[in-house]
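Right, one structure below, let's go through it.
Throughout, read-outs are computed from the coordinates displayed, never taken from laboratory work. Just so it is clear, the structure is predicted and the values come from calculations on it, not from any experiment. Using ideal geometry, Cβ is built from the backbone for each residue, glycine included, and neighbour counts are taken over all protein chains shown.
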Amino acid sequence: MVDVQETPAVPPFDPQGDERAGYFLGGGLLIAAGWGVALGLNVALHLTAPAGGRLFYGLRVASAWGPEGIALALFGAFTGAMGVVLLALGRASPRGPLVLPGAEY
């Protein structure tokens, strides 16, 4: 019979750092990728495409919206909205010292 210990092998680590930095960085990246690239670039390519379409890095972009363009625009809008939620969480979180994970302070 084996006696299983109830204590973890590694003690839990409480970083006590500023979690707002991650919220702000993640939210900003989601907004830039979602609204800037997936939505903004997608709309710009479709609006500037000629009637016959244009080749953009191996992808054929037509002037009419297809299912892929609509799906990418919706995904970009959702991703940007999640970035706004992360920024709101960052503003609502308590401020703490900005430390690197695992650093002794």
Quiz item: Computed over the Cα atoms of the range 37-103, what is the ratio Rg over Rh, Rh following Kirkwood?
Solution: 1.27
Self-check item: Value in Å of the Kirkwood radius, where the range 9-74 supplies the Cα pairs that are averaged
Solution: 14.7 Å
Exercise. Determine, for 30, 98, 87, 41, the number of other Cβ atoms within 10 Å of each Cβ, and report the residues in order from fewest to most.
Key: 98, 41, 87, 30
Quiz prompt | Pairwise FRET efficiency - residue 29 versus residue 57, Cβ, R0 = 30 Å, nearest 0.05 | solution = 0.90
